[in-house]
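This report concerns only the one structure given below.
The values are calculated or read from the model by the stated rules, or taken from the named source; none is laboratory data. Since the model is a prediction, treat every value here as computed from it, not as a measurement. Methodologically, a virtual Cβ is constructed for each residue, glycine included, from the backbone with ideal geometry; neighbour enumeration extends over all protein chains shown.
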Amino acid sequence: MSTKWAILGGGLTGVTLARLLSEKGDEVCVFEKEAKTGGLCISEERNGFTFDVGGSHIIFSRDTEVLEFMQNVLEENREFRNRNTKIFYKDLFLKYPFENGLSDLPKEDLFFCINEYVKNLVAVEKGEVAEPQNFKEWIYYTFGKGIAECYLVPYNEKIWNYPTEKMSKHWMDGRVPRPPVEDIIKSAVGIETEGYTHQSVFSYPVVGGIEALVRAIETPVLDKIKTGCEVTKVERAGDGWKVTAGGDVYEVDRVISTVPLHVLLPMLSDIPQNIKDTVGALRYNSIACISVGIEGEIPDISWMYVPEMKWGAFNRLSFPSNFSTKVAPEGCSSILAEITYNEGDDISKMTDEEIIEHTVSGLREMGLAGDNVVHTAVDRFKYAYVVYDVDYLENIKIAREYLEGLGLDLVGRFSQFEYLNMDGCIRSVLNFVENKS
Ligand SMILES: Cc1cc2nc3c(=O)[nH]c(=O)nc-3n(C[C@H](O)[C@H](O)[C@H](O)COP(=O)(O)OP(=O)(O)OC[C@H]3O[C@@H](n4cnc5c(N)ncnc54)[C@H](O)[C@@H]3O)c2cc1C
């Protein structure tokens with residue numbers, strides 16, 4: 001007998017679940033509170049520009065099955081590009097990642113980075129450096145004081161909006177190895193070395209921005225999706241569940257939540273205080289994405305990290321018109337700035353006009369814009385990044401055990417509460433659909 005599923009949230013995870021569960025013959029209904037599906041993967045067309053307003057997205061993955069899925073659903077609507085990523089450091093465009101662009105550094109900084117890298121490496125080999133206990137210690141332990149202080153600590157503190165010594169290092173273990181000394185020396189003397197090669201060629205929809213991916217995935221299940229339909233209550237009903245969404249009550253066999261844990265909890269009744277406190281303690285960042293349309297050209301860069309505060313609060317600038325020629329009007333180019341923030345901080349108190357002025361003046365200082373700005377907009381998303389603080393592992397275990405113990409299934413970036421990119425979300429869906437009992 002087929003199962004009847006309620007899927008809470010119609011972001012990339014929700015629509016992919018709907019498609020794959022339907023293909024298995026199950027009955028699904030997706031409830032999405034916004035007027036359209038997509039979540040963080042939405043794109044808006046305004047004044048002839050198409051921007052990914054939940055942050056700049058590209059399609060890449062080490063997971064070949066997932067990568068093929070994303071590329072196949074887009075059919076002809078995709079283009080491949082070579083990554084040309086930079087770090088804006090002291091007026092210079094450094095090659096990314098930082099440790100592969102050392103020869104671009106001013107001489108003093110170059111010496112600081114290599115000298116400290118080698119000193120640290122020797123000390124680590126001799127067992128003189130204690131095992132790192134947090135993210136900041138992990139950065140120093142892996143790269144040495146020079147690379148840490150010139151780039152990795154300031155950049156990470158900007159994007160996470162949180163001190164690196166208060167962050168966990170578990171998500172680095174096995175993911176980012178110490179660069180071999182040969183690569184550091186090669187990079188320092190200017191011999192080309194490449195890092196993060198799984199991203200060196202990426203794809204992107206020709207038209208429609210990243211939202212085109214969501215539209216392509218949901219096509220076969222459009223009639224199973226209810227938009228403008230906020231879920232407000234989820235309760236047990238015999239062996240199944242009752243879901244209240246958009247004011248109506250739906251009876252289903254099982255519920256999969258893809259909405260943030262912080263949003264799911266108030267939908268449930270009789271939650272113990274310790275669970276409320278635990279979920280409340282899970283940290284996340286919000287994002288403001290500033291779309292800037294330019295008349296004229298921009299440098300041939302895919303995206304650029306900006307560790308220093310002096311240029312502005314944005315940690316990353318992307319150049320969407322370099323991903324597809326169809327996302328900006330003829331003769332125009334586009335820049336998307338991303339600023340992370342938390343409720344109550346200075347950025348959260350700025351009006352959209354102030355954020356635009358702040359961003360555009362930074363772009364002018366950096367030489368990326370002049371009097372040629374023809375379009376601006378700000379879009380904010382409350383749940384943008386999971387922040388792995390030092391209590392994360394303990395808190396997420398308690399929260400997951402409790403919610404899964406109720407019989408709820410959790411899939412997706414803020415439901416699993418993990419740093420999942422689109423490929424990670426789709427992988428979670430594939431695993432879920434395969435293993436569902
Ligand atoms: C700045 C930035 C850049 C990124 N760049 C990339 C990239 O280049 N490549 C990549 O692979 N990934 C990238 N990602 C990650 C990618 O955006 C996510 O992995 C993916 O969008 C998560 O999808 P999701 O469906 O799990 O969550 P979400 O997109 O958060 O979807 C959750 C959905 O639930 C809905 N919802 C919430 N509350 C309710 C409710 N009460 N009732 C009904 N619906 C509700 C929301 O409206 C939303 O649509 C980026 C993320 C950010 C923040």
Filter the range 29-64 for residues that are within 14 Å of the ligand (Cβ to nearest atom) and in a strand (DSSP E or B); which is farthest from VAL231 (Cα to Cα)?
ILE59
For the range 398-437, how many residues are within 15 Å of the ligand (Cβ to nearest atom) and among the basic types (Lys, Arg)?
2
Collect the residues in the range 272-306 that are within 16 Å of the ligand (Cβ to nearest atom) and either polar (S, T, N, Q) or surrounded by fewer than 16 Cβ atoms within 10 Å (Cβ to Cβ) (or both), keeping them in residue-number order.
ASN285, SER286, SER291, SER302
ASP389 vs. criteria crowded, with 17+ Cβ neighbours inside 10 Å, under 15 Å from THR16 (Cβ atoms) and acidic (Asp, Glu)
no
Output the number of the condition that ASN435 fails; it satisfies all remaining conditions of (1) buried (at least 18 other Cβ atoms within 10 Å of the Cβ); (2) modelled with pLDDT under 95.
(1)
Members of the range 211-222 found to be crowded, with 19+ Cβ neighbours inside 10 Å and under 17 Å from ALA35 (Cα atoms), listed by number
GLU211, ALA212, VAL214, ARG215, GLU218, VAL221
Going by what's in this entry, would THR3 be described as farther than 17 Å from ILE217 by Cβ and away from the ligand (no atom under 14 Å from the Cβ)?
yes
For the range 110-131, indicate whether the set of residues that are under 18 Å from LYS326 (Cβ atoms), over 20 Å from the mean Cα position of the chain (by Cα), buried (at least 21 other Cβ atoms within 10 Å of the Cβ) and not small (Gly, Ala, Ser) is non-empty.
no
Residue count, the range 277-303 (criterion: under 22 Å from LYS166 (Cα atoms) and outside any loop (DSSP other than H, G, I, E, B))
10
Here is a check on your reading of the model: is PHE69 in a helix (DSSP H, G or I), within 22 Å of the chain's Cα centre (by Cα) and either at pLDDT 95 or above or more than 9 Å from the ligand (Cβ to nearest atom) (or both)?
yes
List, please: which pairs have Cβ atoms under 6 Å, are six or more places apart or on different chains, and start with a residue in the range 132-145 that is free of Cβ contacts under 8 Å to residues at least 40 places away in the same chain and end with one that is basic (Lys, Arg)?
PRO132/LYS169; TRP138/LYS169; THR142/ARG178
Between GLY14, GLY25, which is more than 8 Å from the ligand (Cβ to nearest atom) and outside any strand (DSSP E or B)?
GLY25
